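Here is the structure we will look at, set down as structure tokens.
Throughout, read-outs are computed from the coordinates displayed, never taken from laboratory work. Just so it is clear, the structure is predicted and the values come from calculations on it, not from any experiment. Glycine gets a Cβ as well: all are built from the backbone with ideal geometry, and neighbour counts include every protein chain shown.
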């Protein structure tokens, strides 16, 4: 009998000691995972900010693609939410509390089944030389039952951290795949209306073209804005010479205007294009695909017995502004090659 009492007393001491051990575990938890993704900040921010995009990169929805998802009327920005219900995922919801455009998103995640709990989810977006550093953070409080569970099952970070890593990997893969989508369409022969334009001109090696163009086009645009000159269309590059044998290109960066402008800057001049017949080709996608678009245009001219005017205009018109369209897959460029 005394042995039984000692055993029960020992068990009681062990239970009390274990309870004390559990109780003194940290009341708060906080952890994060980060990944640098070669994509614009705004593109990644917009994707994470819209719950309709989450099924593409969520590591949990991936585990149960047939789970029922319900969205609020507004799926992005402050107040947006979505909920899930499934055999594997259980039941819960996510709500966006507040946002700082292209910088941070703060959310609350609530679990209902198989257990009740809630945590804060924070996203941070930081521009870097290699792209955007995306940080996915989770923080919350641990009650006694949570501490008891993590004592046996491992910390919340050890269980959820790998999911965050998987989600960031999927976000990276999906975003880059979307950015690479493009199409090239030969629209056929059309009439380019021509018109007046502001421009600056340079010559350079092919390898220097992109850098030069990025330096020159903003200068023409800034001149127009400073002098209250209204743009009459999309900016374009006018090619004067493309000399592959000597690795040289001569081109102008141009902004169309409604009328002839007398400029007061020797680097910014006024030109005029007469109306001309042109083969028009439209590229929807990254500028990296322009070489293919030009090659297809030249091939079309040859196979359809069109005659290219050697001294005629050759234009690249940039219909969309990358600042307003962060996804390169949405960029539209029109090519015009003068033909008889």
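Between residue 241 and residue 296, what is the spin-label point distance in nm, taking each point 7 Å from the Cα along the Cα→C-beta axis?
A separation of 3.1 nm, rounded to one decimal place.
Given R₀ = 45 Å, what would the calculated FRET efficiency be for residue 98 paired with residue 214, taking r from the Cβ atoms and rounding to 0.05?
FRET efficiency, residue 98 to residue 214: 0.80.
Go ahead and collect, in residue order, the members of segment 123-137 whose backbone nitrogen is under 17 Å from a label point 7 Å along the Cα-Cβ direction of residue 176.
From segment 123-137, the list is 128-135.
Treat the count of other C-beta atoms within 10 Å as a stand-in for reagent exposure and order 179, 225 from fewest to most. Please report the intermediate quantities before stating the final value.
Working: 179 19, 225 11.
Ordered by Cβ neighbours within 10 Å, fewest first: 225, 179.
What does segment 228-340 give for Rg and for Dmax, in Å, if only its C-alpha atoms count?
Expressed in Å, the Cα Rg and Dmax of segment 228-340 come to 15.3, 46.
Working out 0.36 nm times the residue gap between residue 62 and residue 191, then minus their Cα-Cα distance, what length gain in nm do you get to one decimal?
On the way: separation 129, 0.36 × 129 = 46.44 nm, distance 5.06 nm.
Full extension of this stretch gives 41.4 nm more.
Which of 224, 293, 248 moves most in a GNM of the chain, Cα contacts under 10 Å?
Ranking 224, 293, 248 by mean-square fluctuation puts 248 first.
Using 0.36 nm per residue of separation minus the Cα-Cα distance, give me the extension gain between residue 112 and residue 231 in nm, one decimal. Before the final figure, lay out each step's value.
Working: separation 119, 0.36 × 119 = 42.84 nm, distance 5.60 nm.
The residue 112-residue 231 span can extend by a further 37.2 nm.
Test of understanding: ordering 51, 209, 115 by Cβ neighbours within 10 Å, fewest first, what list do you get?
Working: 51 22, 209 16, 115 11.
Ordered from fewest to most neighbouring Cβ atoms within 10 Å, 51, 209, 115 come out as 115, 209, 51.
Work out, step by step, the length gained on full extension between residue 340 and residue 34: first 0.36 nm times the residue separation, then minus their alpha carbon distance; give nm to one decimal.
Numbers: separation 306, 0.36 × 306 = 110.16 nm, distance 5.63 nm.
Taking 0.36 nm per residue and subtracting the Cα distance, the gain is 104.5 nm.
Once you place label points 7 Å from the Cα toward the Cβ at residue 309 and residue 265, how far apart are they in nm?
According to this spin-label approximation, the distance is 2.9 nm.
Of the residues 173, 207, 259, which exhibits the maximal mean-square fluctuation in a Gaussian network model of the chain defined by a 10 Å Cα contact cut-off?
207
How much FRET efficiency would the formula 1/(1 + (r/R0)^6) give for residue 87 and residue 183, where r is the Cβ-Cβ distance and R0 is 41 Å, rounded to 0.05? Each step should come with its number before you reach the end.
Numbers: r = 41 Å, r/R0 = 0.99.
For residue 87 and residue 183, the calculated efficiency is 0.50.
Give me the Kirkwood hydrodynamic radius of segment 26-179, using the inverse of the mean 1/r over all pairs of distinct Cα atoms, in Å to one decimal. Show your work: numbers first, answer last.
Values: mean 1/r = 0.0622 Å⁻¹.
By the Kirkwood definition, the hydrodynamic radius is 16.1 Å.
GNM on the chain, C-alpha springs below 10 Å: top fluctuator among 101, 30, 214?
Greatest mean-square fluctuation among the candidates belongs to 214.
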